[in-house]
Amino acid sequence: MRIEDWFLTEEERGNPATGLEPWSAGNDVRPLVHGAAYFAELNACLAELGKDDLLLFADWRGDPDERLAPDGPSVGAAMAAAAERGALVRGLIWRSHLDQLRFSSAENRHLGEDIEATGGQALLDTRTKPGGSHHQKFVILRHDRDPARDVAFVGGIDLCHSRRDDVTHEGDPQRAPMPAVYGPRPPWHDVQVAIRGPAVAHVAQVFWERWADPAPESRDPLRRLRDHLQRLDDAPALPEPGPPPPPAGHHNVQLLRTYPARRRGYPFAPHGERSIAHAYRKVLARARSLIYLEDQYLWSTDVIEPFAEALEHRPELRMIVVVPRHPDQDGWLAGPASLIGRADALRRLRTAGGDRVAIYDLENHHGIPIYVHAKVCVVDDIWAAVGSDNVNLRSWTYDSELSCAVLDEHEDPRPPSGALRFARELRLALMAEHLDLPEDERDGLCDPVAAFDAFARSADRLESWHRGGRSGTRPPGRLRPHPSPSLSRLQKLLALPLYRLAIDPDGRPRSLRRSGGF
């Protein structure tokens, strides 16, 4: 297998202005499934930072009081302690353009202020197109005296409320606002990866490029004045990056991004970057057996099209999709319009693949829906990606995003042959959790047809138990067949004109999607 058959070449990335290399070899990438696993490892790594070490992070939302462990410390306290020990702390946190829609402005300001109070710097960064957001979620820890200990965390997990859930899916005691259907402690399914090796320097390059952007952090003159008075606009130059960490494993890593084509372009992406979209198009054209996708949204027929084309061109190809049953709370248009968008996307997939396409949502063992916030794709047990990007137009064209794609150098020895170890292990770990399958029984999921059928059987058993009035012992598993989105006549009357004429299914004005194709 040639790496360039699956990874984008420098030319295919389509952004010659970036200093980012096409990919790196010799990495160790480890999935951290659920916020509790991620936060525990992050907490341990933060505690080891000392004088002249470096902590860099970028986030969509940050809650300084979110606990990294049941008894603490909080996110803010752990970062402040690192700064007090002499570590250099720098952060980029998005501040919403639309505070009234609860898009995290207040929370991010508090986190920025907590870091500033201990000598670190956190920019409240709105250097996006109007209506867009910085959606990247990553943390980098570099050690001045021992680069072999360097680590970067990349994925879909924000440093905020509701994320510290685990495999039991009892929810985070510190909840974020969510629809009542998710209960008082919303169960939350999410994935991050821990990267060690040369790719850590690539993630750091992403941060360096954004930090050095000369555009003002906010276009609002009142906000700029307030930030200046509170020292939240101070962006001193970062120290020159050190050499990449030494090799740590056998994973090839390619970082994929989205940046919009901003009027005053990013110096590192003057015409934007669509490498996430380009990578999906390239990889899906090679898909032969199974596309496994976990996604928060799955909106937009434009973005779904390469998946549908793959299903049409390969009659043996199957696709499994895991999504949340109910929309989240973001935005007053994100309910009915999002359901219309998802219905259109699912209709296109099912038209292309028929019964080779299966869509599920999840519930915990109490019957409470699990909010699927993960952004994971595994294709043919060869290529795997974990990131901040969703399958929707915003993630592929408009918001800033960062994804980590992995090709293992080691083949998986289990049949069927041709799989790579990292991608297969990631898929099996996620599927086994949803099936309540013991670890010693995971090998039965290696065959894509067997895995597809196992999901269908488990979901059918649990659905039958619900329809039978929940009598008897609840069958194992957490999968429910995802219903076709339904709206009342009034909702359709109100939402359909907005969706068809003015609003994309992700709640953004349709004119915004014309910023560039993919």
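The values are calculated or read from the model by the stated rules, or taken from the named source; none is laboratory data. Note that this is a predicted model, so its numbers are computed, not measured. Every residue, glycine as well, gets a Cβ built from its backbone with ideal geometry; the counts of neighbours run over all protein chains shown. Surface areas here come from the heavy atoms of the whole protein model, side chains and all, with no ligands, DNA or RNA. Shrake-Rupley method; radii C 1.70, N 1.55, O 1.52, S 1.80 Å.
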(message) Whether any residue in the range 293-306 is modelled with pLDDT of 95 or more and either more than 22 Å from the chain's Cα centre (by Cα) or part of a loop (DSSP other than H, G, I, E, B) (or both) is what I want to check.
(response) yes
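Among the candidates A285, A279, which residue alone is aliphatic (A, V, I, L, M) and either open to solvent by less than 10 Å² (accessible area, probe 1.4 Å) or farther than 20 Å from E4 by Cα (or both)? Walk me through it before giving the result.
Numbers: A285 fails: either open to solvent by less than 10 Å² (accessible area, probe 1.4 Å) or farther than 20 Å from E4 by Cα (or both).
Matching residue, one of A285, A279: A279.
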(message) Of the conditions (1) under 25 Å from H169 (Cα atoms); (2) open to solvent by 10 Å² or more (accessible area, probe 1.4 Å); (3) touching a Phe, Trp or Tyr at 6+ places or on another chain (Cβ under 9 Å), G367 satisfies every one except a single condition; which number is it?
(response) (3)
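Residues to consider are P415, P485, P505, P475; find the one that is at pLDDT 95 or above, in a loop (DSSP other than H, G, I, E, B) and in contact with a helix residue (DSSP H, G or I) (Cβ under 7 Å, 6 or more places away or on another chain). Don't jump to the end; show me each part of the working.
Numbers: P415 fails: in contact with a helix residue (DSSP H, G or I) (Cβ under 7 Å, 6 or more places away or on another chain); P485 fails: at pLDDT 95 or above; P505 fails: at pLDDT 95 or above.
Unique residue meeting the criteria: P475.
I want to confirm something. Restricting to the range 315-324 and keeping residues that are surrounded by 18 or more Cβ atoms within 10 Å (Cβ to Cβ) and not β-branched (V, I, T), which single residue is modelled with the lowest pLDDT?
Residues of the range 315-324 surrounded by 18 or more Cβ atoms within 10 Å (Cβ to Cβ): 317-324.
Applying the additional criterion that residues be not β-branched (V, I, T) yields 317-319, 324.
On the way: L317: 98, R318: 98, M319: 98, P324: 95.
So, considering only residues that are surrounded by 18 or more Cβ atoms within 10 Å (Cβ to Cβ) and not β-branched (V, I, T), the one modelled with the lowest pLDDT is P324.
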(message) I need the full set of residues from the range 258-291 which are among the basic types (K, R) and under 21 Å from the mean Cα position of the chain (by Cα), in order please.
(response) R274, R281, K282
(request) Go through the range 128-144 and give me each residue that's in a loop (DSSP other than H, G, I, E, B) and within 20 Å of the chain's Cα centre (by Cα). (result) T128, G131, G132, S133, H135, Q136, K137
(message) Looking at the range 449-460, can you tell me whether even one residue there is among the hydroxyl-bearing types (S, T, Y) and either buried (at least 16 other Cβ atoms within 10 Å of the Cβ) or under 22 Å from the mean Cα position of the chain (by Cα) (or both)?
(response) yes
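Please specify each residue of the range 239-291 satisfying the condition of being free of Cβ contacts under 8 Å to residues at least 40 places away in the same chain and among the charged types (D, E, K, R). Give the steps one after another, and end with the answer.
Narrowing the range 239-291 to residues free of Cβ contacts under 8 Å to residues at least 40 places away in the same chain: 240, 265, 285.
Once the filter is applied, which keeps residues that are free of Cβ contacts under 8 Å to residues at least 40 places away in the same chain and among the charged types (D, E, K, R), the range 239-291 yields only E240.
Do we have W94 as open to solvent by less than 10 Å² (accessible area, probe 1.4 Å), aromatic (F, W, Y) and under 17 Å from G155 (Cα atoms) here? Lay out the reasoning, then the answer.
Values: open to solvent by less than 10 Å² (accessible area, probe 1.4 Å): yes; aromatic (F, W, Y): yes; under 17 Å from G155 (Cα atoms): yes.
Judged against the criteria, W94 is a match.
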(request) Inspect the range 168-175 for any residue being closer than 22 Å to L20 by Cα, open to solvent by 10 Å² or more (accessible area, probe 1.4 Å) and in a loop (DSSP other than H, G, I, E, B) and give the result as yes or no. (result) no
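Results for (1) in contact with a Phe, Trp or Tyr (Cβ under 7 Å, 6 or more places away or on another chain); (2) touching a residue at least 24 places away in the same chain (Cβ under 8 Å); (3) surrounded by fewer than 20 Cβ atoms within 10 Å (Cβ to Cβ), shown as yes or no for each residue.
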site	(1), (2), (3)
L32	yes, yes, no
N43	no, yes, yes
L49	no, yes, no
L54	no, yes, no
W60	yes, yes, no
P64	no, yes, no
R67	no, yes, no
(request) Looking only at the range 399-410, count how many residues are open to solvent by 10 Å² or more (accessible area, probe 1.4 Å) and either within 16 Å of E273 (Cβ to Cβ) or within 12 Å of the chain's Cα centre (by Cα) (or both). (result) 0
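Please count how many residues of the range 418-446 are assigned to a loop (DSSP other than H, G, I, E, B) and surrounded by 17 or more Cβ atoms within 10 Å (Cβ to Cβ). Before you say what the answer is, go through the steps one by one.
Taking the range 418-446 and keeping what is assigned to a loop (DSSP other than H, G, I, E, B), we get 418-419, 436-438, 446.
With surrounded by 17 or more Cβ atoms within 10 Å (Cβ to Cβ) added as a condition, the list becomes 419, 437, 446.
Here the count works out to 3.
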(message) Out of everything in the range 291-314 that is of a type in the set (D, E, K, R) and surrounded by fewer than 24 Cβ atoms within 10 Å (Cβ to Cβ), what residue ends up being nearest to G155 (Cα to Cα)?
(response) D295
(message) Based on this model, can you work out whether H161 counts as open to solvent by 50 Å² or more (accessible area, probe 1.4 Å), out of contact with any strand residue (DSSP E or B) (no Cβ under 8 Å at 6 or more places or on another chain) and either at pLDDT below 95 or part of a loop (DSSP other than H, G, I, E, B) (or both)?
(response) no
(request) Determine whether the range 203-217 contains at least one residue that is open to solvent by 20 Å² or more (accessible area, probe 1.4 Å), farther than 29 Å from D146 by Cα and at pLDDT below 65. (result) yes
